[in-house]
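S.K.: One structure, as structure tokens, below. Some questions next.
Just so you know, all these numbers are worked out from the coordinates, no wet-lab data involved. Note that the structure is predicted; figures quoted are calculated from it, not measured. In this analysis, Cβ positions are derived from the backbone assuming ideal geometry, glycine residues included, and neighbour counts consider all displayed protein chains.
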Amino acid sequence: MSETVMSQDSAAAPKKLSDNDVQAIDELREVYGRLKKELARVIVGQHGVIEQLSICLFARGHALLMGVPGLAKTLLVSKVAETMSLKFSRIQFTPDLMPMDITGTDILQDTPDGRREFQFVHGPVFANIVLADEINRAPPKTQAAMLEAMQECRVTAVGKPFDLAPPFVVLATQNPVEQEGTYPLPEAQLDRFMFLIELDYPSEAEEVMIARTTTGDALPELNHLLHAEDIIRHQHLVRRVPVPDHIYTYAARLVRKTRPDGETAPAWIKPLISWGAGPRAVQNLILGAKARAALLGSYMVRLEDVQEVAAPVLTHRVITTFAAQAEGIGAKDIVKRLLEETNSE
């Protein structure tokens, strides 16, 4: 057993993992290391983004990638799918995209016996990793077509339910700069995304490396490291990672402080937030912390695991007021200050 496990508060320590699960976590840590090395053959930098994407995948969560064009958002998602031998599909969201373009629809087909009957043709949402490119370019009616898929892992088309094969992850991209011709994502849909992953500009050294590696003849093909069955097995393993009681309390306390009408909300936050995070934020904090602990080879969730996933979990769930926007205070700034105050208590 590692020193990380032994350093946990014994009074709040949960049931330990079985020997098989300990071995499985060691295997997952090794696979994660190989995954990062494989992606580094194509993706320059973005180490934090790769970690957060991996957390979402193994925690069965969806992610919203936010960044200006040219930061390899689409390339990263497609290469993650390539290394994992998963079915990948890309949906380019446009203002004229219809819900049936995502879910599929009935088409009249000729049968071998000469008759004609309707046959359901699956849409691009029937994949393991779905890239919803520029998701905010489609109207709310079309964006809503993703809601049932993201929450229930199924879609309803022409009045019939269709299950989506696991693993199923939606990775959506959004351009934060250009607002013309876009539609803000509904809060209900934003809440379905486990993480908001923000991509920043690369460093000078990374940008030089990008120019060297991407202006040649062709990008290298990546090796397949995992199959769908392996990912599902690791997803079940993540759910079994033990969490001490004080970690649950910390996550709940942190989320409750984001609600301006709550008793525990600090006074400074009330004029800055109109709506705080809901219970799904607490669930995603714990699940994200479990996945991070497992990927890094820890046999129990630590406080730092929750702290590391707090920003991507909470930022898109905190709705700022006009006063905050006028002062240039964003949700990320508020979450950062809340974390500092909660950690000092």
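S.K.: Considering every Cα-Cα pair within the range 162-214, what fraction, in whole percent, is farther apart than 13 Å?
M.R.: Counting every Cα pair in the range 162-214, those more than 13 Å apart make up 75 percent.
S.K.: Also, quick follow-up: Going by average Cβ neighbours within 10 Å, how do the peptides 92-105, 211-224, 43-56, 184-197 rank, with the highest at the top?
M.R.: 43-56, 184-197, 92-105, 211-224
S.K.: So I have (i) 27, 25, 20; (ii) 34, 25, 19; (iii) 33, 26, 23, and one of them is semi-axes √(5λ) of the Cα gyration tensor in Å calculated from this model. Which one is it?
M.R.: (iii)
S.K.: How compact is the range 246-307 by the rule of thumb for globular proteins, expressed as Cα Rg over 2.2 N^0.38 Å?
M.R.: 1.26
S.K.: What list do you get for 85, 18 if you sort them by fewest beta carbons within 10 Å?
M.R.: 18, 85
S.K.: Sticking with this one: Mean residue ellipticity at 222 nm from the helices of the chain, using -39,500 (n - 2.57) per DSSP H segment of n ≥ 4 over the full residue count, to the nearest 500 deg cm²/dmol?
M.R.: So the calculated ellipticity at 222 nm is -13000 deg cm²/dmol.
S.K.: In whole percent, what relative contact order does the chain give with Cα contacts below 8 Å and a gap of six or more residues?
M.R.: 23
S.K.: Set Lys and Arg Cβ to +1 and Asp and Glu Cβ to -1, take the dipole of the range 113-181 about its Cα centre, and tell me which of 140, 157, 176 lies farthest positive.
M.R.: Selected residue: 157.
S.K.: Right, another one. How high is the relative contact order of the range 283-345, in percent, counting Cα pairs under 8 Å that sit 6 or more residues apart?
M.R.: 26
S.K.: Quick one: which of 198-206, 303-311 comes out on top by average Cβ neighbours within 10 Å, and what's the full order, highest first?
M.R.: The densest-packed peptide leads the list: 303-311, 198-206.
S.K.: How many angstrom lie between the Cα centre of the range 289-345 and the Cα centre of the range 135-206?
M.R.: After rounding, the separation between the Cα centres reads 21 Å.
S.K.: Another question, then. With both bridge residues required to lie in the chain, what share of the DSSP beta bridges run antiparallel, to the nearest 5%?
M.R.: So the antiparallel bridges in the chain amount to around 40 percent.
S.K.: With only Lys, Arg, Asp and Glu charged, each at its Cβ (+1 for the first two, -1 for the last two), find how big the charge dipole of the range 215-327 is about the Cα centre; round to the nearest 20 debye.
M.R.: It works out to roughly 540 debye.
S.K.: Here's another thing I want to ask about it. Find the Cα radius of gyration of the range 93-209, compare it with 2.2 N^0.38 Å by division, and give the number to two decimals.
M.R.: For the range 93-209, the normalised Cα radius of gyration comes out at 1.32.
S.K.: Could you size up the charge dipole of the range 214-276 around its Cα centre, putting +1 on the beta carbon of Lys and Arg and -1 on that of Asp and Glu, and report it in debye to the nearest 20?
M.R.: 540
S.K.: Here's something else I'd like to know. Using the C-alpha atoms of the range 228-345, what convex hull volume per residue, in cubic angstrom, is computed?
M.R.: Dividing the Cα hull volume of the range 228-345 by its residue count gives 111 Å³.
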